[in-house]
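Asker: My questions will all concern the structure given below.
The values are calculated or read from the model by the stated rules, or taken from the named source; none is laboratory data. No experiment lies behind these values; they were computed from the predicted model shown. Cβ placement follows ideal geometry from the backbone for every residue including glycine, while neighbour counts extend to all protein chains displayed. Heads up: the accessible areas ignore ligands, DNA and RNA and are worked out on the full protein's heavy atoms, side chains in. Shrake-Rupley method; radii C 1.70, N 1.55, O 1.52, S 1.80 Å.
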Amino acid sequence: MGSSGRPTSSSDTPAQHAEDVYSVAQGNPPPIGIEQVSASWRRSATEHGVDPLNSEAPRILLPNELKDFREPLDELIFSAQEEIDRLYRVVREAGYTVLLCDTAGVAVEHRGDNADASRFRYWGTWLGGVWSEAIEGTNGIGTCIAEERPVTVHRSQHFRSRHMNLSCSGAPIFGLDGRLMAVLDVSAIDPHRSERAHALTGALTVNSARAIEERFFREHFHHEWILAIAPREEGAPGMLLAVDGNQRIVGANRFARISLLLDDRGLQAGVSLWTIFEPDLDLFRRRDRADISTRLVIAGSNDSRSALVTPPVQTAWRDATNVALHMRPRLDVIGSLAKMASAPQAHGGLSPSAMRRVREYIEAHLGDSMDLATLAAVAGLSIHHFAREFKQSTGFTPHHYLTQKRVEQAQEMLAHTALSLSEIAYAVGFSDQSHLARHFRQILGVTPGQFRWSQP
């Protein structure tokens, strides 16, 4: 029956569901909509021996049992609070719980409506719930652990018939060593929830998991320089590197380890950043406390990556607000940032002299109105040609570059002058205070007022 091509449906009976499961386990083609989890169905049946018709509720650990699973993740749980709260605020009205689980599938932290706690406990989507694939079969948490990738399991995509009204999305959280550390999951019980409606939570969960991962990395390496490096492809995870005062790489997230062929042995031996990228020693001599926008050129090539460099947390300004700014994830916005420095390109782009003239003109006239025609004239090119070549040189449009420079100048004035926000907005070329605030928050994640308040 599993080879019939019949779409998955909430009207499937438990017996029909079990028949589909066993058919897939025997190697037959999966029903439509089961392709992404068919390997998990086979594992659940043949390796784990899970009974798809077992009607028992998932186990919920008692508080004294949960303690042993929770303690090893105490630091991560504390670090993840803000991101878990933010995710729950988005999904709570749709009836979801949020679970942070260890690599055994045990929910060690959760968010959910206490008024509905008994219902969530009945379904196992609560603190202490155990969701390993070996026990529950295919599910968003256990299958994410088994395959170390984001997994969305909607209703009858679950292995056990009991879970046919459950929708869950799990996303992996990798530790400092690049190994799986935890899983972030959102789950809801709703027999009428469409697959399309539930799919939206999958992307939210992945973004939150990556933010938790980055925040934990930044907190651990807060005494080092942190490089957030944009991925080549949109939607892919970005690289994080921790670099000491001698520009040796002392930490790398999972994607950086995979992309740059880094491992624990190499990091312990001391890998110079400049064996991977072309040297830019001045970058680490700057005294900025704010992020430094740059482009890193891959050694021996014309290929480059946009990057944000966060200086180490200094003891002299280690107050709560500055630390919060330092720990804030950057990888989710780095793709939208205009970068300060252009990198050489293999083909095309502005000549070095034209690029220098444009950058000097922008820096000298930040407070003035600037249009594309003016900048094109400075470069000595037509508007269309200038816009194309500028983006080829920098990777960003002239407008994005100009906005970034204005925000950087606003940072300097907020830190070193007593001018009002309105005066600063006009001085750096924004139309008004709200215009400045909108772009400032988009780029730095805080308001101009919060940034000024954090200065000593």
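Asker: For residue 115, only one of the following conditions fails: (1) crowded, with 24+ Cβ neighbours inside 10 Å; (2) outside any loop (DSSP other than H, G, I, E, B). What is its number?
Answerer: (1)
Asker: Now, a different point. Is it the case that some residue within the stretch 354-363 is outside any loop (DSSP other than H, G, I, E, B), among the aromatic types (Phe, Trp, Tyr) and open to solvent by 40 Å² or more (accessible area, probe 1.4 Å)?
Answerer: yes
Asker: Can you say whether residue 135 is touching a residue at least 24 places away in the same chain (Cβ under 8 Å), open to solvent by 40 Å² or more (accessible area, probe 1.4 Å), in a helix (DSSP H, G or I) and among the β-branched types (Val, Ile, Thr), as far as the supplied structure shows?
Answerer: So residue 135 fits the description; yes.
Asker: Filter the stretch 87-109 for residues that are open to solvent by 10 Å² or more (accessible area, probe 1.4 Å) and among the small types (Gly, Ala, Ser); which is nearest to residue 172 (Cα to Cα)?
Answerer: Filtering the stretch 87-109 for residues that are open to solvent by 10 Å² or more (accessible area, probe 1.4 Å) and among the small types (Gly, Ala, Ser), the one nearest to residue 172 (Cα to Cα) comes out as 104.
Asker: I need every pair where a residue in the stretch 419-436 that is more than 20 Å from residue 453 (Cβ to Cβ) has its Cβ under 8 Å from the Cβ of a residue that is surrounded by fewer than 13 Cβ atoms within 10 Å (Cβ to Cβ) and among the hydroxyl-bearing types (Ser, Thr, Tyr), sequence separation at least 6 or different chains.
Answerer: 429/369
Asker: Under 6 Å between Cβ atoms, which residue pairs at least 6 apart in sequence (or on different chains) link something in the stretch 146-168 that is more than 15 Å from residue 199 (Cα to Cα) and among the small types (Gly, Ala, Ser) with a partner that is at pLDDT below 95 and not in a helix (DSSP H, G or I)?
Answerer: 161/52; 161/53
Asker: Anything in the stretch 171-205 that is in contact with a Leu (Cβ under 9 Å, 6 or more places away or on another chain), within 30 Å of residue 252 (Cβ to Cβ), in contact (Cβ under 8 Å) with a residue 60 or more places away in the chain and assigned to a strand (DSSP E or B)? List them, or say none.
Answerer: 173, 174, 181, 182, 183, 184, 185, 186, listed by residue number.
Asker: Within the stretch 47-67, which residues are surrounded by 11 or more Cβ atoms within 10 Å (Cβ to Cβ) and assigned to a helix (DSSP H, G or I)?
Answerer: Once the filter is applied, which keeps residues that are surrounded by 11 or more Cβ atoms within 10 Å (Cβ to Cβ) and assigned to a helix (DSSP H, G or I), the stretch 47-67 yields 47, 65, 66, 67.
Asker: Scan 389, 408, 423 and give me the residue that is in a helix (DSSP H, G or I) and within 26 Å of the chain's Cα centre (by Cα).
Answerer: 408
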